[in-house]
Amino acid sequence: MGRADAEEGQLPAPVKPPDGGWGWIVLLGCFVITGFSYAFPKAVSVYFKELMKDFHVGYSDTAWISSIMLAMLYGTGPVCSIMVNQFGCRPVMLIGGLLASSGMILASFTTNIIELYLTAGVLTGLGMALNFQPSLIMLGTYFDKRRPLANGLAAAGSPVFLSSLSPLGQVLLEKFGWRGGFLIMGGLLLNCCTCGAVMRPLDMGMKRKMEKAQDKYEAKEMLPIGGKSEEGISTTDGTKKAKKAKKKTKKGKKLLDFSIFSNRGFIIYTISKFILVLGLFVPPILLVNYAKDTGVPDTEAAFLLSIIGFIDIFARPACGMVAGLKWVRPHVAYLFSFAMLFNGLTDICSARASNYTGLVIFCVFFGISYGMVGALQFEVLMAIVGSQKFSSAIGLVLLIEALAVLIGPPSAGR
């Protein structure tokens, strides 16, 4: 019976996070996925000036591309949660990688702005959503004690990719035009499939142990009947009970858990994130075009996003390390509140930036505050709802934030 209990304790839900091992590979995959998910919609803004000329549209029209992409990333959260609960993280991520890549490849052949909305916006955004959420869920299952640090390191993917994708986009634009740039970007997004392939579920270890137990029993069957044989029988009985318990768990598993709305902390978190997201993505999306309009050369304007990304690279892991300290972790929600306030004040002060130097100073402080928010947002959510309800919680939060993401940048552009 003791052996059976041990096996039952190794079902997917209660498996103890290893806080290392293969978790570091999962962290690397999450780093890449987070980088593409958050940086890609902003890096695409480098192409907006050419799109405005080719399709004879304005700021607000082109800003909708990034907004739709981000809205799909956020708004499809519940759908993604249901798919993950039904099929697991790895298959969902592989499909998402193919969709994200095909969206940008098809976008390179579009002839009007509406087709761009459907390909680069909807299709690529959906593909990135099917990668982003499962990667965070897998990170939460592999890390517990080191989770704040792991979240900070994974979140650093956003600034690393932003600081590289933006200049890369400018180079591709100059050499191949926006169509060639979109085509190459689509090829880069195929790396999401590789990241999905390394997301090995934790219960794989349990299956191996069950197979070893079965082999052990078969070997003991060859021995004379006695205590050892009985032990082998009890082992295989335990294995059968573990399989039955696993089947019951799958059958009784909710596709989407709405009980989290009874958690007051979750409601407060959702409302505050909605207000924050209304303006959070406005500066990165519109900053390059704003700088170009003030007379800043194209290359230097694109470099502004690299400054935000460079500062952000150090801000996120550093904030994750601070959040993981023993005396800080119980109060991490207050640190997150400070980060949101700091970000808002930075945006207000940006109105004083009337030249390139002022824009650089703004980018430095925005990068710090943006990095703090990025490093803490999912750590705080998991601390509020727990790892068991995290897949449903993140899906519902992203859905609510989708409206803010959709109306924020176009409203600012107008």
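Before moving on, here are some points about what is shown:
- Pair list, Cβ under 8 Å, 6 or more apart: the range 18-44 residue among the charged types (D, E, K, R), other residue open to solvent by less than 10 Å² (accessible area, probe 1.4 Å) and outside any helix (DSSP H, G or I): 19/143; 42/281
One line per residue, one yes/no per condition, for (1) of a type in the set (A, V, I, L, M); (2) open to solvent by 20 Å² or more (accessible area, probe 1.4 Å); (3) modelled with pLDDT under 85:
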| site | (1), (2), (3) |
| --- | --- |
| 6 | yes, yes, yes |
| 31 | no, yes, no |
| 38 | no, no, yes |
| 90 | no, yes, no |
| 101 | no, no, no |
| 109 | no, yes, no |
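- Listed by first and then second residue, the pairs with beta-carbon distance under 7 Å, at least 6 apart or on different chains, first residue in the range 126-148 and within 23 Å of residue 18 (Cβ to Cβ) and outside any helix (DSSP H, G or I), second at pLDDT below 85 and among the charged types (D, E, K, R), are 143/19; 144/19; 145/19; 146/19.
- When the criteria are applied in full, residue 68 meets the requirement of being under 19 Å from the mean Cα position of the chain (by Cα) and at pLDDT 80 or above.
- All conditions but one from (1) surrounded by fewer than 23 Cβ atoms within 10 Å (Cβ to Cβ); (2) under 18 Å from the mean Cα position of the chain (by Cα); (3) at pLDDT 80 or above apply to residue 358; the one that does not is (2).
- Complete set of residues in the range 384-414 that are open to solvent by less than 10 Å² (accessible area, probe 1.4 Å), among the hydroxyl-bearing types (Ser, Thr, Tyr) and within 16 Å of residue 139 (Cβ to Cβ): none
- Boolean, residue 61 is open to solvent by 10 Å² or more (accessible area, probe 1.4 Å), on the phi > 0 side of the Ramachandran plot and out of contact with any Ser or Thr (no Cβ under 9 Å at 6 or more places or on another chain): no
- Here the helices (runs of 4 or more DSSP H) wholly within the range 179-297 that include at least 2 residues being modelled with pLDDT of 75 or more and open to solvent by 80 Å² or more (accessible area, probe 1.4 Å) are 264-280, 282-293.
Conditions tested, residue by residue: (1) of a type in the set (Val, Ile, Thr); (2) within 17 Å of the chain's Cα centre (by Cα).
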site: 330; (1), (2): no, no
site: 333; (1), (2): no, no
site: 338; (1), (2): no, no
site: 363; (1), (2): no, no
site: 368; (1), (2): yes, no
site: 391; (1), (2): no, yes
site: 399; (1), (2): no, yes
site: 412; (1), (2): no, no
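- Residue list for the range 53-65, restricted to those being of a type in the set (A, V, I, L, M, F, W, C) and closer than 15 Å to residue 179 by Cβ: 55, 65
- Pairs where the first residue, in the range 75-86, is among the aliphatic types (A, V, I, L, M) and the second is not in a helix (DSSP H, G or I), C-beta under 6 Å, 6+ apart: 82/255; 82/256
- Every test in (1) under 13 Å from residue 277 (Cα atoms); (2) open to solvent by less than 10 Å² (accessible area, probe 1.4 Å); (3) under 18 Å from the mean Cα position of the chain (by Cα) is passed by residue 343 save one, and that test is (3).
The values are calculated or read from the model by the stated rules, or taken from the named source; none is laboratory data. Model, not experiment: these values are computed from the prediction. Neighbour counts run over all protein chains shown; Cβ positions are idealised from the backbone, glycine included. With ligands, DNA and RNA removed, areas are computed over all heavy atoms of the protein, side chains included. Shrake-Rupley method; radii C 1.70, N 1.55, O 1.52, S 1.80 Å.
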